[in-house]
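Peer 1: One structure follows; several queries about it will come next.
The values are calculated or read from the model by the stated rules, or taken from the named source; none is laboratory data. Values in this document were obtained by computation on a predicted structure and should not be read as measured data. All Cβ positions, glycine included, derive from the backbone under ideal geometry; neighbour counts span all protein chains shown.
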Amino acid sequence: MQITQAKFSTSSPSVEKCPGGVPRHEYAFIGRSNVGKSSLINMLTGQKALAMTSSKPGKTMLINYFLINDSWWIVDLPGYGYAARSKADRLRLEQMIKGYILGRKEMTNLFVLIDSRHKPQKIDLEFMDWLGENGIPFSIVFTKLDKLTSGAAKKLTADYLAALLERWEELPPVFRTSSEDKRGRDAILDYIEEMNQLPLDAE
Ligand code: GTP
Ligand code: MG
(Lines give C-alpha, C1' and ligand atoms only; values in the text may rest on other atoms or scores of the structure.)
(Ligands and ions follow the chains in the order given, each with its own letter.)
Protein backbone atom coordinates (compact mmCIF):
# COMPACT_ATOMS: atom_id res chain seq x y z
CA MET A 1 0.00 0.00 0.00
CA GLN A 2 1.11 3.53 -0.72
CA ILE A 3 0.54 6.28 1.82
CA THR A 4 -0.27 9.33 -0.26
CA GLN A 5 -1.53 11.53 2.54
CA ALA A 6 -0.93 11.64 6.28
CA LYS A 7 -2.08 14.49 8.45
CA PHE A 8 -2.34 15.18 12.15
CA SER A 9 -5.96 15.41 13.22
CA THR A 10 -6.38 15.70 16.97
CA SER A 11 -4.96 14.87 20.40
CA SER A 12 -7.32 13.42 22.93
CA PRO A 13 -6.93 13.06 26.71
CA SER A 14 -9.41 10.17 26.97
CA VAL A 15 -11.24 7.58 24.89
CA GLU A 16 -14.48 9.57 25.29
CA LYS A 17 -12.92 12.49 23.42
CA CYS A 18 -11.52 10.42 20.52
CA PRO A 19 -12.90 11.24 17.05
CA GLY A 20 -16.57 10.43 16.49
CA GLY A 21 -18.35 10.43 13.15
CA VAL A 22 -17.97 7.68 10.58
CA PRO A 23 -16.00 4.82 12.15
CA ARG A 24 -12.77 4.08 10.27
CA HIS A 25 -10.21 1.34 10.64
CA GLU A 26 -7.80 2.38 13.35
CA TYR A 27 -4.28 1.09 14.15
CA ALA A 28 -2.64 2.08 17.42
CA PHE A 29 1.02 1.90 18.47
CA ILE A 30 2.00 1.19 22.05
CA GLY A 31 5.06 0.08 24.03
CA ARG A 32 7.47 1.27 26.67
CA SER A 33 8.47 4.87 26.66
CA ASN A 34 11.26 5.54 24.16
CA VAL A 35 10.80 2.24 22.29
CA GLY A 36 10.29 4.13 19.03
CA LYS A 37 6.51 4.44 18.52
CA SER A 38 6.47 7.97 17.14
CA SER A 39 9.56 7.30 14.99
CA LEU A 40 7.90 4.21 13.51
CA ILE A 41 4.79 6.23 12.62
CA ASN A 42 6.97 8.78 10.86
CA MET A 43 8.81 6.00 9.02
CA LEU A 44 5.55 4.34 7.92
CA THR A 45 4.01 7.57 6.69
CA GLY A 46 7.22 8.88 5.15
CA GLN A 47 6.91 12.15 7.06
CA LYS A 48 9.86 12.87 9.31
CA ALA A 49 8.10 15.15 11.76
CA LEU A 50 4.49 14.00 11.73
CA ALA A 51 4.58 12.45 15.22
CA MET A 52 6.79 14.17 17.76
CA THR A 53 9.83 12.15 18.82
CA SER A 54 12.44 12.70 21.51
CA SER A 55 15.57 11.06 22.83
CA LYS A 56 14.08 11.59 26.29
CA PRO A 57 11.38 9.11 27.28
CA GLY A 58 7.85 10.26 28.02
CA LYS A 59 7.38 12.58 25.05
CA THR A 60 3.92 11.46 23.94
CA MET A 61 1.32 12.30 26.61
CA LEU A 62 -2.00 12.15 24.73
CA ILE A 63 -3.84 9.91 22.27
CA ASN A 64 -2.74 11.38 18.93
CA TYR A 65 -4.75 10.81 15.75
CA PHE A 66 -3.33 10.90 12.23
CA LEU A 67 -5.64 10.52 9.24
CA ILE A 68 -4.10 8.41 6.48
CA ASN A 69 -5.16 8.57 2.80
CA ASP A 70 -8.33 10.29 3.99
CA SER A 71 -9.67 6.90 5.06
CA TRP A 72 -8.06 5.28 8.12
CA TRP A 73 -6.39 6.26 11.39
CA ILE A 74 -2.97 5.79 12.89
CA VAL A 75 -2.96 6.41 16.64
CA ASP A 76 0.19 7.29 18.59
CA LEU A 77 -0.23 6.38 22.26
CA PRO A 78 1.86 7.45 25.25
CA GLY A 79 4.43 4.90 26.36
CA TYR A 80 4.08 2.90 29.55
CA GLY A 81 6.60 2.20 32.28
CA TYR A 82 8.41 5.53 32.46
CA ALA A 83 9.69 5.41 36.04
CA ALA A 84 10.63 9.08 36.38
CA ARG A 85 7.03 10.27 36.31
CA SER A 86 5.06 10.95 39.48
CA LYS A 87 2.78 8.17 40.66
CA ALA A 88 -0.29 10.28 39.87
CA ASP A 89 0.93 10.89 36.29
CA ARG A 90 1.65 7.22 35.76
CA LEU A 91 -1.77 6.26 37.04
CA ARG A 92 -3.46 8.84 34.81
CA LEU A 93 -1.57 7.62 31.72
CA GLU A 94 -2.30 4.00 32.54
CA GLN A 95 -6.00 4.78 32.81
CA MET A 96 -5.87 6.71 29.53
CA ILE A 97 -4.15 3.84 27.72
CA LYS A 98 -6.29 1.06 29.19
CA GLY A 99 -9.49 3.06 28.70
CA TYR A 100 -8.58 3.56 25.05
CA ILE A 101 -7.65 -0.08 24.43
CA LEU A 102 -10.75 -1.52 26.08
CA GLY A 103 -13.15 1.15 24.90
CA ARG A 104 -12.23 1.97 21.31
CA LYS A 105 -14.24 -0.51 19.30
CA GLU A 106 -12.90 0.49 15.88
CA MET A 107 -9.31 -0.22 16.90
CA THR A 108 -8.56 -2.94 14.36
CA ASN A 109 -5.11 -3.84 15.62
CA LEU A 110 -2.71 -2.74 18.32
CA PHE A 111 0.97 -2.82 17.38
CA VAL A 112 3.02 -3.58 20.51
CA LEU A 113 6.57 -2.33 20.10
CA ILE A 114 9.49 -4.13 21.70
CA ASP A 115 13.10 -2.88 21.65
CA SER A 116 14.92 -5.70 19.86
CA ARG A 117 18.07 -5.18 21.96
CA HIS A 118 16.51 -6.22 25.25
CA LYS A 119 15.62 -9.55 26.76
CA PRO A 120 11.92 -10.02 27.59
CA GLN A 121 10.88 -7.51 30.27
CA LYS A 122 8.20 -8.24 32.83
CA ILE A 123 6.28 -5.06 32.08
CA ASP A 124 5.88 -5.96 28.38
CA LEU A 125 5.03 -9.60 29.06
CA GLU A 126 2.40 -8.65 31.62
CA PHE A 127 0.98 -6.03 29.28
CA MET A 128 0.64 -8.55 26.43
CA ASP A 129 -0.88 -11.14 28.79
CA TRP A 130 -3.44 -8.48 29.73
CA LEU A 131 -4.22 -7.88 26.04
CA GLY A 132 -4.75 -11.61 25.55
CA GLU A 133 -7.02 -11.87 28.58
CA ASN A 134 -9.12 -9.03 27.21
CA GLY A 135 -9.30 -10.38 23.66
CA ILE A 136 -7.50 -7.39 22.12
CA PRO A 137 -6.08 -8.09 18.64
CA PHE A 138 -2.39 -7.23 18.61
CA SER A 139 0.88 -7.77 16.76
CA ILE A 140 4.48 -7.51 17.91
CA VAL A 141 6.89 -5.05 16.32
CA PHE A 142 10.59 -5.35 17.14
CA THR A 143 12.21 -1.91 16.82
CA LYS A 144 15.71 -0.44 16.34
CA LEU A 145 17.12 -3.45 14.47
CA ASP A 146 19.69 -1.15 12.85
CA LYS A 147 21.44 -1.03 16.24
CA LEU A 148 22.23 -4.78 16.08
CA THR A 149 24.35 -6.94 13.79
CA SER A 150 22.21 -9.28 11.72
CA GLY A 151 23.41 -12.27 13.79
CA ALA A 152 22.47 -10.62 17.09
CA ALA A 153 19.14 -9.46 15.65
CA LYS A 154 18.26 -13.01 14.62
CA LYS A 155 19.25 -14.50 17.95
CA LEU A 156 17.63 -11.90 20.19
CA THR A 157 14.31 -11.89 18.34
CA ALA A 158 14.23 -15.71 18.13
CA ASP A 159 14.97 -15.99 21.86
CA TYR A 160 12.26 -13.45 22.58
CA LEU A 161 9.66 -15.39 20.61
CA ALA A 162 10.74 -18.65 22.24
CA ALA A 163 10.14 -17.05 25.65
CA LEU A 164 6.65 -16.02 24.51
CA LEU A 165 5.88 -19.56 23.40
CA GLU A 166 6.60 -20.71 26.93
CA ARG A 167 3.62 -18.59 28.03
CA TRP A 168 1.30 -18.79 25.02
CA GLU A 169 0.21 -21.48 22.60
CA GLU A 170 0.68 -19.39 19.49
CA LEU A 171 2.34 -16.17 18.41
CA PRO A 172 0.62 -13.10 17.02
CA PRO A 173 1.99 -11.61 13.77
CA VAL A 174 5.58 -10.38 14.26
CA PHE A 175 7.38 -7.55 12.41
CA ARG A 176 11.09 -6.69 12.52
CA THR A 177 11.69 -3.00 11.91
CA SER A 178 14.05 -0.06 11.94
CA SER A 179 12.91 3.51 11.58
CA GLU A 180 16.44 4.37 10.47
CA ASP A 181 16.76 2.02 7.51
CA LYS A 182 13.00 1.52 6.97
CA ARG A 183 13.04 -2.25 7.19
CA GLY A 184 9.66 -3.76 7.98
CA ARG A 185 7.77 -0.89 6.39
CA ASP A 186 6.21 -2.81 3.49
CA ALA A 187 5.31 -5.77 5.70
CA ILE A 188 3.39 -3.56 8.15
CA LEU A 189 1.67 -1.53 5.43
CA ASP A 190 0.65 -4.72 3.57
CA TYR A 191 -0.76 -6.11 6.80
CA ILE A 192 -2.76 -2.94 7.40
CA GLU A 193 -4.01 -3.00 3.82
CA GLU A 194 -5.29 -6.54 4.33
CA MET A 195 -7.11 -5.58 7.51
CA ASN A 196 -8.58 -2.49 5.88
CA GLN A 197 -10.52 -4.86 3.58
CA LEU A 198 -12.27 -6.54 6.52
CA PRO A 199 -15.62 -5.25 7.72
CA LEU A 200 -15.30 -2.88 10.64
CA ASP A 201 -16.67 -4.25 13.88
CA ALA A 202 -17.46 -1.01 15.67
CA GLU A 203 -20.61 -1.97 17.59
P1 GTP B 1 7.52 8.15 24.05
O2 GTP B 1 6.59 8.98 23.21
O3 GTP B 1 8.35 8.96 24.96
O4 GTP B 1 6.85 7.02 24.74
O5 GTP B 1 8.63 7.49 23.05
P6 GTP B 1 8.44 6.78 21.63
O7 GTP B 1 8.21 5.32 21.84
O8 GTP B 1 7.45 7.50 20.77
O9 GTP B 1 9.92 6.90 21.01
P10 GTP B 1 10.47 7.92 19.91
O11 GTP B 1 9.93 7.57 18.55
O12 GTP B 1 10.30 9.32 20.39
O13 GTP B 1 12.01 7.49 19.87
C14 GTP B 1 12.83 7.50 21.01
C15 GTP B 1 14.29 7.60 20.61
O16 GTP B 1 14.68 6.40 19.91
C17 GTP B 1 14.60 8.75 19.66
O18 GTP B 1 15.87 9.29 20.00
C19 GTP B 1 14.64 8.09 18.29
O20 GTP B 1 15.46 8.76 17.36
C21 GTP B 1 15.23 6.72 18.62
N22 GTP B 1 14.75 5.69 17.66
C23 GTP B 1 13.47 5.33 17.42
N24 GTP B 1 13.39 4.36 16.51
C25 GTP B 1 14.67 4.07 16.14
C26 GTP B 1 15.26 3.12 15.22
O27 GTP B 1 14.60 2.34 14.55
N28 GTP B 1 16.62 3.12 15.14
C29 GTP B 1 17.40 3.96 15.87
N30 GTP B 1 18.73 3.87 15.73
N31 GTP B 1 16.89 4.87 16.74
C32 GTP B 1 15.54 4.91 16.88
MG1 MG C 1 6.15 9.01 21.26
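Peer 1: Can you tell which of 178, 139, 150 is closer than 30 Å to residue 47 by Cα, over 18 Å from the mean Cα position of the chain (by Cα) and of a type in the set (Ser, Thr, Tyr)?
Peer 2: Result of the check over 178, 139, 150: 150.
Peer 1: Further, regarding this structure: Go through the residues of the stretch 44-63 one by one and say whether even a single one is part of a helix (DSSP H, G or I), at pLDDT 95 or above and under 27 Å from residue 199 (Cβ atoms).
Peer 2: Scanning the stretch 44-63 turns up at least one residue that is part of a helix (DSSP H, G or I), at pLDDT 95 or above and under 27 Å from residue 199 (Cβ atoms).
Peer 1: A further question follows. What pairs can you find where one residue is in the stretch 23-41 and assigned to a strand (DSSP E or B), the other is within 6 Å of ligand 1 (Cβ to nearest atom), and their Cβ atoms are less than 6 Å apart, with a gap of 6+ or different chains?
Peer 2: 29/37; 31/37; 32/79
Peer 1: Turning to a different aspect of this structure: Just one of 13, 23, 19, 57 is buried (at least 16 other Cβ atoms within 10 Å of the Cβ), over 21 Å from residue 141 (Cβ atoms) and not β-branched (Val, Ile, Thr); which is it? Step through it out loud before you land on a result.
Peer 2: Values: 13 fails: buried (at least 16 other Cβ atoms within 10 Å of the Cβ); 23 fails: buried (at least 16 other Cβ atoms within 10 Å of the Cβ); 57 fails: over 21 Å from residue 141 (Cβ atoms).
Within the list 13, 23, 19, 57, the selection yields 19.
Peer 1: Quick check on this structure: which one of 129, 70 is closer than 30 Å to residue 199 by Cβ, more than 16 Å from ligand 2 (Cβ to nearest atom) and in contact with a helix residue (DSSP H, G or I) (Cβ under 8 Å, 6 or more places away or on another chain)?
Peer 2: Checking each option against the conditions leaves just 129.
Peer 1: Of the residues that sit in the stretch 71-81 and are more than 30 Å from residue 151 (Cα to Cα) and surrounded by 15 or more Cβ atoms within 10 Å (Cβ to Cβ), which one is modelled with the lowest pLDDT?
Peer 2: Filtering first and then ranking leaves 78.
Peer 1: Could I ask something else about it? Six or more apart or on different chains, Cβ under 9 Å: which pairs go from a residue in the stretch 180-193 that's touching a residue at least 24 places away in the same chain (Cβ under 8 Å) to one that's of a type in the set (Phe, Trp, Tyr) and assigned to a loop (DSSP other than H, G, I, E, B)? Could you list them?
Peer 2: Final answer for the pair search is none.
Peer 1: Which of the residues belonging to the stretch 64-101 are over 18 Å from the mean Cα position of the chain (by Cα), in a loop (DSSP other than H, G, I, E, B) and not acidic (Asp, Glu)?
Peer 2: Narrowing the stretch 64-101 to residues over 18 Å from the mean Cα position of the chain (by Cα): 69-71, 83-92.
Checking the rest, the ones that are also in a loop (DSSP other than H, G, I, E, B) come to 69-71, 83-86.
Listed by number, the residues that qualify are 69, 71, 83, 84, 85, 86.
Peer 1: Considering only residues that are at pLDDT below 95 and within 16 Å of ligand 1 (Cβ to nearest atom), which ones fall in the stretch 13-31?
Peer 2: Once the filter is applied, which keeps residues that are at pLDDT below 95 and within 16 Å of ligand 1 (Cβ to nearest atom), the stretch 13-31 yields only 13.
Peer 1: Sticking with this structure for a sec: Find the residue count for the stretch 176-198, including only residues that are outside any helix (DSSP H, G or I) and either farther than 29 Å from residue 156 by Cα or not small (Gly, Ala, Ser) (or both).
Peer 2: Total satisfying the criteria: 8.
Peer 1: Turning to a different aspect of this structure: Looking at residue 201, is it within 13 Å of ligand 1 (Cβ to nearest atom), within 23 Å of residue 97 (Cα to Cα) and either in a helix (DSSP H, G or I) or not hydrophobic (A, V, I, L, M, F, W, C) (or both)?
Peer 2: Criteria not met by residue 201.
Peer 1: Of all residues being in a helix (DSSP H, G or I) and charged (D, E, K, R) in the stretch 102-146, which is surrounded by the most Cβ atoms within 10 Å (Cβ to Cβ)? Just the residue, please. Talk me through it step by step, then tell me what you get.
Peer 2: Taking the stretch 102-146 first, the residues in a helix (DSSP H, G or I) are 102-103, 122-133, 145-146.
Filter again for charged (D, E, K, R), leaving 122, 124, 126, 129, 133, 146.
On the way: 122: 8, 124: 22, 126: 10, 129: 12, 133: 8, 146: 14.
Step by step, filter the stretch 102-146, then rank; the result is 124.
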